[in-house]
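The values are calculated or read from the model by the stated rules, or taken from the named source; none is laboratory data. Here the structure is a predicted model, which is why all the values come from computation and not from measurement. Here the Cβ is made from the backbone with ideal geometry for all residues, glycine too, and neighbour counts use every protein chain on show. Areas reflect the complete protein model, heavy atoms only, side chains present, ligands, DNA and RNA absent. Shrake-Rupley method; radii C 1.70, N 1.55, O 1.52, S 1.80 Å.
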Amino acid sequence: KERLEGSTMVVTKAAKGKKLSNPPLPHSLTSLQRTMSKKGISAKNTLQITDQIRLAGYLTYPRTEHGELPISLYSADDIKNQLTAVAALPDLREAAKAMAALHPQENPPACYTTKPMEHHGIIPTGKVPNFNDGSWDKNRIAIFTECARAFVTALHPPAQFKTLSVEGAAQVDGMAEENPSRFHRQTEQLLIGGWMELGGKDLESLKAELPNIKDGDELNIESATVTAKQTTPPKPYTENTLLAA
């Protein structure tokens with residue numbers, strides 16, 4: 001720490017780039033159970049209730065290992081019907097309208113695939129629910145909402161980032177002839193929010209401009225911090241983490 005403070009780091013590599021972050025997939029059974037377990041609905045009850053909603057015609061088959069959707073479902077009629085059902089939820093209405101206007105496109109979203117699968121991700125069928133007809137309790141509404149939210153999120157464009165990867169070396173003088181201390185930092189700047197804008201998230205902190213650093217720059221090391229930590233034993237399983245395992 002004492003040798004680093006007040007020394008200089010020479011930038012040996014500063015690489016700029018771009019990356020895309022695709023939205024999460026629609027739910028598989030396990031991912032739906034994990035999400036609902038955090039909201040107080042057990043895995044067993046999630047499967048039972050989702051199956052009831054499926055039998056009533058509002059959701060696709062829930063016993064699936066996959067979140068992806070077959071490319072055969074990427075058609076104007078299918079998407080219009082599915083998003084009409086999503087729009088029955090006030091919080092998702094605007095997102096559903098926006099995606100209905102955006103799709104279909106020449107390049108389908110990343111959630112659509114040509115690979116074979118027995119059952120695809122859990123999504124609305126297109127049958128529009130009436131949440132006031134007495135058959136929808138809070139748990140049924142919560143599960144349908146979560147499946148609809150995941151589906152409409154998956155239709156959103158990817159988020160786009162500008163990236164900066166910096167490597168540097170600081171020559172520190174000690175009692176022996178030491179090799180330079182090497183450092184690496186990767187940071188990114190959000191350019192287009194895409195799916196990350198859904199839900200009104202505050203993304204301003206992710207939009208901060210990247211520093212203007214280039215190869216050969218000499219950067220003063222103003223301070224260094226030593227941190228001591230201890231390991232902790234693994235926590236007992238929750239239903240969520242057990243499903244993940």
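A few remarks follow.
- Database remark: amide H of THR60 closer than 5 angstrom to the amide H of ILE123, THR125 (H placed geometrically; neighbours at sequence offset of 5 or more, or on other chains; Pro and chain starts carry no H).
- Full-stretch length increase - THR232, PHE183 - with 0.36 nm per residue and alpha-carbon distance subtracted: 14.9 nm
- Full extension of the segment from GLN160 to SER205, taken as 0.36 nm per residue of separation minus the current Cα-Cα distance, would add 14.7 nm.
- Using the alpha carbons alone, the radius of gyration of the stretch 106-211 stands to its Kirkwood radius in an Rg to Rh ratio of 1.25.
- Top of ALA159, ALA228, ALA142 by mean-square fluctuation, Gaussian network on the chain, Cα under 10 Å: ALA228
- Given 12 as the ceiling on other Cβ atoms within 10 Å, longest exposed-site-free region of the chain for trypsin sites (Lys or Arg not before Pro) in DSSP loops: 40-200
- All Cα pairs of the stretch 3-101, percent lying beyond 22 Å: 51 percent
- Accessible surface computed residue by residue for the chain, with neighbouring protein chains in place and a 1.4 Å probe, gives 62 Å² per residue.
- Per-residue ellipticity at 222 nm computed for the chain from its helices equals -8000 deg cm²/dmol, with DSSP H segments shorter than 4 residues left out and the rest contributing -39,500 (n - 2.57).
- 10 Å-binned pair-distance histogram of the chain (Cα, whole percent): 7, 23, 24, 18, 14, 10, 4, 0, 0
- Solvent-accessible area, 1.4 Å probe, carbon plus sulfur percent, for the chain: 49 percent
- Projecting the Cα atoms of ALA208, LEU198, ALA169 onto the charge dipole of the stretch 168-245, computed from C-beta unit charges around the Cα centre, puts LEU198 farthest toward the positive end.
- Solvent-free Debye scattering, log10 I(q)/I(0), computed from the Cα coordinates of the stretch 54-94 at q = 0.14, 0.25 Å⁻¹: -0.41, -1.08
- When the pairs LYS39/LYS97; LYS13/LYS162; LYS1/LYS229 are compared against a 20 Å limit on Cα-Cα distance, LYS39/LYS97 fall above it.
- Kirkwood hydrodynamic radius (C-alpha pairs) into Stokes-Einstein, the stretch 56-152, 20 °C and 1.002 mPa s, D in µm²/s: 155 µm²/s
- Relative contact order (%) - the stretch 1-95, alpha-carbon pairs under 8 angstrom, separation at least six: 22 percent
- FRET efficiency estimate (nearest 0.05) - Cβ-Cβ, ASN45 to ALA245, R0 22 angstrom: 0.60
- Exposure ranking of ILE122, ILE221, ILE192 by accessible area [1.4 Å probe, largest first]: ILE192, ILE221, ILE122
- Semi-axis lengths (Å, descending) of the ellipsoid that matches the C-alpha gyration tensor of the stretch 82-127: 22, 15, 7
- Span from the the stretch 126-170 Cα centroid across to the the stretch 64-116 one, whole angstrom: 12 Å
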